[in-house]
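Written below as structure tokens is the structure these notes are about.
Throughout, read-outs are computed from the coordinates displayed, never taken from laboratory work. Everything numeric here is computed off the predicted structure, so don't read it as measured data. Please note: Cβ atoms are built from the backbone with ideal geometry, for glycine as well, and neighbour counts cover all protein chains shown.
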Amino acid sequence: MQGNLDGDRNTPTWRARQEGAKYLAAGAFLALRNVAAHEDEVTWAEQEALEHLATLSVLARWIEQCAVERAA
């Protein structure tokens, strides 16, 4: 099963958005989620924490816009 953004897959714009979403998700997981999950205490300032949440919000919106495709 795979999720893809809507639009024409044959355009450079679609490919760039798809790749960008993939790398943003990987980066957010590694840099934000893993740090918060593996440290005893996270010392993010309020503004920094809000920026992290904004990043995750953008990613969540993109995921909501994806169409799920199942292998035949």
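Laid out as a table, the results:
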read-out: Positions within the range 4-16 being assigned to a loop (DSSP other than H, G, I, E, B) and out of contact with any strand residue (DSSP E or B) (no Cβ under 9 Å at 6 or more places or on another chain), in sequence order; value: Gly7, Asp8, Arg9, Asn10, Thr11
read-out: In the range 55-72, residue nearest to the chain's Cα centre (by Cα) [restricted to those that are part of a loop (DSSP other than H, G, I, E, B) and surrounded by fewer than 13 Cβ atoms within 10 Å (Cβ to Cβ)]; value: Arg70
read-out: Residues being closer than 22 Å to Arg15 by Cβ and among the acidic types (Asp, Glu) - total across the range 35-66; value: 1
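Residue-wise test of (1) among the aromatic types (Phe, Trp, Tyr); (2) assigned to a loop (DSSP other than H, G, I, E, B).
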site: Gln18; (1), (2): no, no
site: Lys22; (1), (2): no, no
site: Ala26; (1), (2): no, no
site: Leu30; (1), (2): no, no
site: Ala36; (1), (2): no, no
site: Asp40; (1), (2): no, yes
site: Trp44; (1), (2): yes, yes
site: Ala49; (1), (2): no, no
site: Leu53; (1), (2): no, no
